[in-house]
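One structure is given here, and the rest of the page talks about it.
The values are calculated or read from the model by the stated rules, or taken from the named source; none is laboratory data. On a predicted model such as this, the values are computed, not experimentally measured, just so you know. Here the Cβ positions follow ideal geometry from the backbone for every residue, glycine too, while neighbour counts run over all protein chains shown.
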Amino acid sequence: MKIVLVNSFVNRFTERDDCCHGFVREKHFPCNLGLLAGLLKEENDVIIVDGNALELSAEKIREIIKEFNPDVLITNSTFETIEVDSEIVSGLDCKKICLFYPYISISSLKEKFKNFDYVPYGLEKELTIQEIIKGNDKPKGCYTWEDGNLVKTSPRKNSRIIDYLQKTPYEMFPMKLYDRFFVRSSSGCPFSCTFCEMARSGWIPRDVKTVVDELEILRKMYNVREVTFYDPEISINQAHIEDLCNEIIDRKLKICWHANTRADRINEELVRKMSMSGCIRLAFGVEAWDDFIRNEIVKKMITRDQIIKAVEVCKKHGVIPVVYMIFGLPMDNGVSIMEDIKAVWEMGTPQFSFNIISPIPGTEIFDWYSRRRMLCNYSDKPVCGRNEDLDINELVNYRKLAYSIMKPKSLVESLMLLKNVKLINKLLTNDLGITMFKRLLRRLVS
């Protein structure tokens, strides 16, 4: 069967790695599409059209699809691309499947998916897509259409381990065009953060050896020296991350990596092992320094002491801690926002991110804003939130203030990294010394 996998062009600007000096456009490797390609290519004729890497217009992507004349068309879609993807697939004579990233219900967004025949949901969308291709018109874990109505089939029970996703076929992608590489070691998140589309979705690991095989291919065949794990939280299961680190160490693989995690899911011994395996950056979603907002509204369920200790442990073992804060959450105000900024300052994290809440349809936070009619648009964000105390312009001004206050602190903390022997040795060993020096120099002159 002839199959086209599409990653459409996104005019997206991503915050630089220092989270302090503006935005740059990045071309990210679509790891979800890569894993799906690896699953399908053995029994099918599969091509990849990465419109984002190649900077192709929707019209050009349609031309390529028509020329190939596929039986099945699959788009790698997000909230940012779904309208473009719907335009791309409109009127094409083939099965049209939307590989939609969020794990939430799409019932309230059904108009956006009217040009697609299927929209898989859950943590194992790849298995659902495989069943559709093999002729099952109503597989588990899928939205489809019936008499003009969007219907949801029964959910797919999560597997114990994702052992059916083997190595990504990197040779099918324009590897020289990517400036950031992602690798997935697990799927889902069992925690209950109210702003997150993956909350309470469960958790399934991939086989550790297969994951490290991918890292080895990236390093040895494509000279990739730095990757980001796509997992929502890298240390949900301590045994899994320990096995992953041990496998990297045992193979003497010289590659640096970044990941997101939670402050309550790490300890000193684990961070030490992560550092030994090449971890150079761990990002923590703190969201708010106010305990009530963080734990009662966002349901993060972590303490200030856990956050502070996590940052200190990272610094001790040569891992750069990154702190994420969200402005405009329910009950947020000028006082709580200034507490957020003060907390980041006092923790001394060289990298940080202050974002305005952008509620995702289907999440508890979205429902909170929607009921109170507090959703609004701003700049390139499709949906932003405001609350009783702060309108969107005030939130934007607080965000600018946060970065202006933190910029000198960021420069000082970045220079302090030069004294961190463990970090410097790791960067030099993995051939990243020059790259990191350039990043530091950019901060100093910008």
*asked:* Can you confirm whether I337 is in contact (Cβ under 8 Å) with a residue 40 or more places away in the chain, touching a Phe, Trp or Tyr at 6+ places or on another chain (Cβ under 9 Å) and in a helix (DSSP H, G or I)?
replied: yes
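Residues checked against (1) free of Cβ contacts under 8 Å to residues at least 60 places away in the same chain; (2) over 30 Å from I357 (Cβ atoms):
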| residue | (1), (2) |
| --- | --- |
| S192 | no, no |
| A199 | no, no |
| D207 | yes, yes |
| L215 | yes, yes |
| K220 | yes, yes |
| Y230 | no, no |
| L244 | yes, yes |
| I248 | yes, yes |
| C256 | no, yes |
*With respect to the numbered conditions (1) surrounded by fewer than 17 Cβ atoms within 10 Å (Cβ to Cβ); (2) touching an Asp or Glu at 6+ places or on another chain (Cβ under 7 Å), which one is the sole condition not fulfilled by T75?*
(1)
*Residue count, region 201-211 (criterion: in contact with a helix residue (DSSP H, G or I) (Cβ under 8 Å, 6 or more places away or on another chain) and either closer than 14 Å to F181 by Cα or of a type outside the set (A, V, I, L, M, F, W, C) (or both))*: 3
*Only one residue in S159, S186 is polar (S, T, N, Q) and assigned by TED's automatic domain parsing to the domain that holds H240, so which one is that?*
S186
_Looking only at region 122-161, filter to residues that are in a strand (DSSP E or B) and of a type in the set (V, I, T); which one of those is nearest to V208 (Cα to Cα)?_
T144
_Criterion violated by S90 - all others in (1) more than 10 Å from V4 (Cβ to Cβ); (2) touching a residue at least 60 places away in the same chain (Cβ under 8 Å); (3) of a type in the set (S, T, N, Q) satisfied_ = (2)
*Would you mind stating whether V298 is over 26 Å from T349 (Cα atoms), of a type in the set (A, V, I, L, M) and not assigned by TED's automatic domain parsing to the domain that holds E26?*
no
*Examine region 172-189 for a residue that is farther than 20 Å from L36 by Cβ, in contact (Cβ under 8 Å) with a residue 24 or more places away in the chain and surrounded by fewer than 21 Cβ atoms within 10 Å (Cβ to Cβ), and state whether such a residue exists.*
yes
*Name the pairs whose Cβ atoms lie under 7 Å apart, with the first residue in region 42-61 and within 16 Å of K176 (Cβ to Cβ), the second charged (D, E, K, R) and modelled with pLDDT under 95, and 6 or more positions between them or separate chains?*
N52/K27; A53/K27
*asked:* Which residue is farthest from T210 (Cα to Cα), if the candidates are limited to region 249-265 and must be touching a helix residue (DSSP H, G or I) at 6+ places or on another chain (Cβ under 6 Å) and buried (at least 19 other Cβ atoms within 10 Å of the Cβ)?
replied: A263
*For region 162-268, which strands (runs of 3 or more DSSP E) that fit wholly inside it have 1 or more residues that are more than 17 Å from the chain's Cα centre (by Cα)?*
256-261
*Select the strands (runs of 3 or more DSSP E) contained entirely in region 341-401, then report the ones holding at least 3 residues which are modelled with pLDDT of 90 or more and in contact with an Asp or Glu (Cβ under 9 Å, 6 or more places away or on another chain).*
351-356
